[in-house]
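A quick write-up on the structure given underneath.
The values are calculated or read from the model by the stated rules, or taken from the named source; none is laboratory data. Since this is a predicted model, take the numbers as computed values, not measurements. Positions of Cβ are backbone-derived with ideal geometry, glycine not excepted, and every protein chain shown enters the neighbour counts.
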There are 2 protein chains.
Amino acid sequence: MAADDELTFLRWLARSDRPHDRLVVPIGDDGAVWRLDGEDRLVLAADALCEGSHFTADTAPHLVGRKALAVNLSDLAAMGARPQCALATAALPRGFDGERARAVTEGMRDLAAVWDCPLVGGDTVTHDGGLVLSVSVVGTLMTGEPITRTGSSVARPGDLIAVTGRLGGSGGGRHLTFTPRLRESARLVELGPPDAMIDVSDGLLLDLYRLDTAARFGFRLDLDAIPVHDDADLDGALSDGEDFELLFTAPADVMTRILDGWDLETSVTVIGEIATGGGVLVRDGREEPAPPLGFRHE
Amino acid sequence: MAADDELTFLRWLARSDRPHDRLVVPIGDDGAVWRLDGEDRLVLAADALCEGSHFTADTAPHLVGRKALAVNLSDLAAMGARPQCALATAALPRGFDGERARAVTEGMRDLAAVWDCPLVGGDTVTHDGGLVLSVSVVGTLMTGEPITRTGSSVARPGDLIAVTGRLGGSGGGRHLTFTPRLRESARLVELGPPDAMIDVSDGLLLDLYRLDTAARFGFRLDLDAIPVHDDADLDGALSDGEDFELLFTAPADVMTRILDGWDLETSVTVIGEIATGGGVLVRDGREEPAPPLGFRHE
């Protein structure tokens, strides 16, 4: 199936005759939010990684395991959630040796230990095919409200767009070794909170269009302001994807509060604003229409 | 990897330097139990199904999707938990057509609707290999305590062993169409609760050995009492597996309470007792040692 069909698959999966009263945020965001009987609200996400798309047969198995958990933790970060625990299943290729299998688990466990998000369950099967890792994470909300892609009803043109860290060139290795922006997310929620947020998985431009305000009103993106990795170029920063940085919007006064209070090593850079009239890229004072680009796994 | 290696994989995954204070029941049971800040305690399970082991390329995709969720719901039943919601990831074979993919999601969704356990998240990838479905379920405890395989500290010889429904011959189709015993589990908890419980996934004998009391003390199993499906024989009932019935132990007085109060259509049958001296099978009054048999997926 092509990327569009995969989105269709998720829509089929989630289609329901009626909304569920416990489902605060449904499928389609970085994570779902589910209300329990007590005071807890869960944030849930699941991602599958497979050989050929997210890593190769040559990728160090430790890094494959690490990435399978990391992309899920990044989803929690994008929702303003903190991790609780994780589940993992693995479909192992026949003949996958014990040494490599162990390295996969250690890659997951080492990252799980860093974020106090232990693996509490799982399953493993052997099959005719490449390694497939599927991880689900359970998180809880840090504050009263989740930070969604939709944002609040008060979002409007003039709201600023910002991103953590630097973008581009993840294919050189960072797509395996990135740090999920959980710490940054927690600080953003404390200082802001942001109005809408997403993690950059498929490229800045494509993921920007997934923020409802940007898609609905439009945006002006200042290409000269975009923080590009030293080993990448602007095109890569716009569309490589798998940066797993946080892309978010906030009204100007909230953004000022975030920038003034920001005290973490990871940078926060304002790269544009929500603006009427579709997507516009600004470079050296010249404007051009923004294409809905971005990298999609096949 | 062979079955034993797969268990090793799970142990690697779960190995931690110290127990986690939120992890009430760790990996190794039908589900893990995780304590949240509020009053809720989660029961979490994950299972992966793959072509070749759990279904064939010819299996109706609706039934494949159904089974992927059903085995997880069965895990919740075995813990005395009720379902909240589920996450699903799919690794689809290249060329898997949209019609079949849709049928997979509908199989999951139809069963999810029956048990009010909506699919709230997921992911899908395309790969060189057969269909791999991975489902994680989130449940909550119905009572104060989860029903584990370990059982309580007061479990002892003389405790009775019982099973819901009938066993054997699941390969003829029931492994795809079985009803997760959530209703039965809820009623057992209300009337009992059972001391220890497991769902019969790998065969009665093998799963019986997974109940700590049975493994530690031993058991006497009355082969004449075992409820066998009409299309199966006793050997099948002992070792076919994938029956997904509930196998549980309880002190005699609790078992009497369960049997006296039992008002569901699914039968509950006492099939033996915990007894010192290893595993013993009794048939027509003659005794023989029980082998640790059972079906294991390769």
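Criterion applied to A:261, A:236, A:218 was being in contact (Cβ under 8 Å) with a residue 12 or more places away in the chain and touching a helix residue (DSSP H, G or I) at 6+ places or on another chain (Cβ under 6 Å), and the one residue passing it is A:261.
Would you confirm, using the coordinates I've provided, whether residue A:114 is β-branched (Val, Ile, Thr) and either closer than 21 Å to residue A:200 by Cα or in contact (Cβ under 8 Å) with a residue 12 or more places away in the chain (or both)? Judged against the criteria, residue A:114 is not a match. For the stretch A:162-192, give me each residue that is of a type in the set (A, V, I, L, M), more than 10 Å from residue A:247 (Cα to Cα) and not in a helix (DSSP H, G or I). Across the stretch A:162-192, the qualifying residue is only A:167. Taking the stretch B:193-288 as the region of interest, the helices (runs of 4 or more DSSP H) fully inside it that hold 1 or more residues being assigned by TED's automatic domain parsing to the domain that holds residue B:169, surrounded by fewer than 21 Cβ atoms within 10 Å (Cβ to Cβ) and modelled with pLDDT of 95 or more are B:234-239, B:252-261.
Could you check the stretch B:72-95 and list, in sequence order, the residues that are among the hydrophobic types (A, V, I, L, M, F, W, C) and crowded, with 24+ Cβ neighbours inside 10 Å? Selection gives B:73, B:76, B:77, B:78, B:79, B:81, B:86, B:87, B:88, B:90, B:91, B:92. Of the numbered criteria (1) β-branched (Val, Ile, Thr); (2) under 19 Å from residue B:244 (Cα atoms); (3) at pLDDT 95 or above, the one residue B:140 fails is (2). Within the stretch B:71-101, the set of residues being among the polar types (S, T, N, Q) and within 27 Å of residue A:130 (Cα to Cα) comprises B:72, B:89.
Within the stretch A:146-159, the residues that satisfy the criterion of being surrounded by 21 or more Cβ atoms within 10 Å (Cβ to Cβ) and either among the β-branched types (Val, Ile, Thr) or at pLDDT 95 or above (or both) are A:147, A:148, A:159. Inspection of the stretch A:137-145 finds no residue satisfying the criterion of being within 8 Å of chain B (Cβ to nearest Cβ), in contact (Cβ under 8 Å) with a residue 40 or more places away in the chain, surrounded by fewer than 24 Cβ atoms within 10 Å (Cβ to Cβ) and not polar (S, T, N, Q).
The conditions of being in a loop (DSSP other than H, G, I, E, B) and either within 19 Å of the chain's Cα centre (by Cα) or of a type outside the set (A, V, I, L, M) (or both) are met by residue A:145. Considering the stretch A:103-141, and only residues there that are under 23 Å from residue A:39 (Cα atoms) and among the β-branched types (Val, Ile, Thr), the residue that is nearest to the chain's Cα centre (by Cα) turns out to be A:137.
When A:103, A:112 are checked against the criterion of being aliphatic (A, V, I, L, M) and crowded, with 20+ Cβ neighbours inside 10 Å, a single residue qualifies: A:112. Could you tell me whether residue A:154 is aliphatic (A, V, I, L, M), more than 10 Å from residue A:243 (Cα to Cα) and outside the structural domain of residue A:240 (by TED's automatic domain parsing)? Considered against the rule, which asks whether it is aliphatic (A, V, I, L, M), more than 10 Å from residue A:243 (Cα to Cα) and outside the structural domain of residue A:240 (by TED's automatic domain parsing), residue A:154 comes out as yes. State yes or no: is residue A:126 within 14 Å of chain B (Cβ to nearest Cβ), polar (S, T, N, Q) and touching a Leu at 6+ places or on another chain (Cβ under 6 Å)? So residue A:126 fits the description; yes.
Within the stretch B:140-185, the residues that satisfy the criterion of being of a type in the set (Val, Ile, Thr) and over 30 Å from residue B:110 (Cβ atoms) are B:148, B:150, B:154, B:161. Residue A:154 meets all of the listed conditions (1) assigned to a strand (DSSP E or B); (2) more than 7 Å from every other protein chain (Cβ to nearest Cβ) but one, namely (1).
Here the condition is being at pLDDT 90 or above, of a type in the set (A, V, I, L, M), touching a strand residue (DSSP E or B) at 6+ places or on another chain (Cβ under 9 Å) and closer than 30 Å to residue B:143 by Cβ; of B:10, B:69, it holds for B:69 alone.
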